[in-house]
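One structure is given below, encoded as structure tokens.
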Amino acid sequence: MIQISALPAFTDNYIWLLQDHATQRCAVVDPGDAAPVQAWLEAHPGWVLSDILVTHHHHDHVGGVQTLKNATNATVHGPASENIPARDQALNDNDTVSVLGWDFDVYAVPGHTLGHIAYYHHGLLFCGDTLFAAGCGRLFEGTPTQMHHSLSRLAALPEDTLVYCTHEYTLGNLKFAAAVEPGNPDIAARLEKVSRQRSEGIMTLPSTLALEKLTNPFLRTTETSVKQKADERSGQRNQTPSEVFAALRAWKDTF
């Protein structure tokens with residue numbers, strides 16, 4: 001059985017650590033800083049870093065890759081269409097990658113960046129900065145239509161899928177969600193719980209897709225109340241779910 005834990009980095013990043021206790025091999029996802037990973041390896045002698053999974057090229061996700069590669073010679077997996085340091089395996093949509101004996105399906109999820117990918121193994125989703133707990137990533141390179149399609153693909157996965165995103169943004173995202181749907185009891189309950197967790201320094205991840213579908217406005221663009229609020233904010237009738245998404249994302253950017 002593989003154990004998954006978080007190595008905090010910077011102010012709000014998580015580097016996900018996958019540990020196979022049977023072999024004492026481990027893997028990390030999006031190591032923007034090598035130091036937390038190196039500290040863990042030093043504290044756990046005998047463990048070997050065998051794989052590094054990268055979702056996209058932003059520095060807070062790849063900044064530690066070269067250092068870790070030099071120190072461990074781990075295999076670096078990353079999106080084929082982005083500049084990923086020390087990449088050994090270039091991954092495209094619908095590829096499969098084997099890590100610690102688990103097969104992960106690769107999903108192209110453009111929006112935050114054009115080459116962004118996500119990794120899915122039954123029940124587990126490593127989605128970088130595409131889907132967040134109660135939110136989604138900013139559109140630095142892609143279009144609202146691309147991002148809406150990417151989120152829709154992820155939302156189609158089984159509802160019990162655990163969502164391992166890479167930032168502790170949940171509280172801020174839920175405050176926005178509450179502004180979009182002030183009458184949504186699931187959002188109100190989650191906001192109360194997360195507020196308490198963060199005040200105690202407890203991480204709020206992973207989430208589940210079931211919970212996201214109830215509380216994440218960016219996965220709720222077909223809900224009448226969400227569309228009405230998006231229309232009200234943008235001053236126009238948004239005809240499609242992608243247009244509703246675009247209005248929500250523009251609002252969130254200045255929220």
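Every number here is computed from the coordinates shown, using simple stated rules; none is lab data. Because the structure is a prediction, the values reported are computed rather than measured. Neighbour counts are summed over all protein chains in view; Cβ atoms, including those assigned to glycine, are modelled from backbone coordinates with ideal geometry.
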Report task. Using only Cα atoms, find the angle between the long axis of helix 185-199 and the longest principal axis of the chain, and express it within 0 to 90 degrees, rounded to the nearest 10. Result -> 40 degrees
Query - Under-5 Å amide H pairs with residue 167, H placed in peptide plane, nonlocal only - result: 14
Query raised in the report: If you plug each phi of the range 240-247 into the Karplus form 6.51 cos²θ - 1.76 cosθ + 1.60 with θ = phi - 60°, what whole-Hz ³J(HN,Hα) values come out, in order, with x for Gly and Pro?
Result: 10, x, 5, 5, 4, 4, 4, 5
Report task. Positive end of the charge dipole of the range 108-194 (Lys, Arg +1 and Asp, Glu -1 on Cβ, about the Cα centre): tell me which of 109, 167, 140 has its Cα farthest that way. Result -> 140
Query raised in the report: Relative contact order for the range 169-253: what is it in percent, counting Cα pairs under 8 Å that are at least 6 residues apart?
Result: 26 percent
Report summary line: Under the Karplus relation with 6.51, -1.76 and 1.60 and θ = phi - 60°, whole-Hz ³J(HN,Hα) for the range 82-93, x at Gly and Pro, equal 10, 7, 10, x, 6, 5, 9, 10, 8, 10, 10, 3
Query raised in the report: Simple spin-label model, 7 Å along Cα-to-Cβ: residue 39 to residue 253 in nm?
Result: 3.5 nm
Query - Per-residue ³J(HN,Hα) for the range 162-171, Karplus 6.51 cos²θ - 1.76 cosθ + 1.60, θ = phi - 60°, Hz, x for Gly and Pro - result: 7, 9, 9, 8, 10, 9, 8, 10, 4, 5
Query raised in the report: Using alpha-carbon pairs under 8 Å, 6+ residues apart, how would you state the relative contact order of the chain in percent?
Result: 13 percent
**Report entry** Amide H within-cut-off set for residue 132, under 5 Å, with H built and near neighbours excluded
**Finding:** 137
Query - Of 193/252; 193/229; 193/213; 69/193, those spanning more than 28 Å from alpha-carbon to alpha-carbon - result: 69/193
**Report entry** Percent of beta bridges antiparallel (DSSP, the range 1-54, rounded to nearest 5)
**Finding:** 70 percent
Query raised in the report: How high is the FRET efficiency from residue 71 to residue 12, r the C-beta distance, R0 22 Å, rounded to 0.05?
Result: 0.30
Report summary line: the chain: antiparallel bridges as % of DSSP beta bridges, rounded to 5, reads 65 percent
Report summary line: Amide H neighbours of residue 55 at under 5 Å, excluding residues fewer than 5 places away on the same chain, with H built from the backbone geometry, are 30
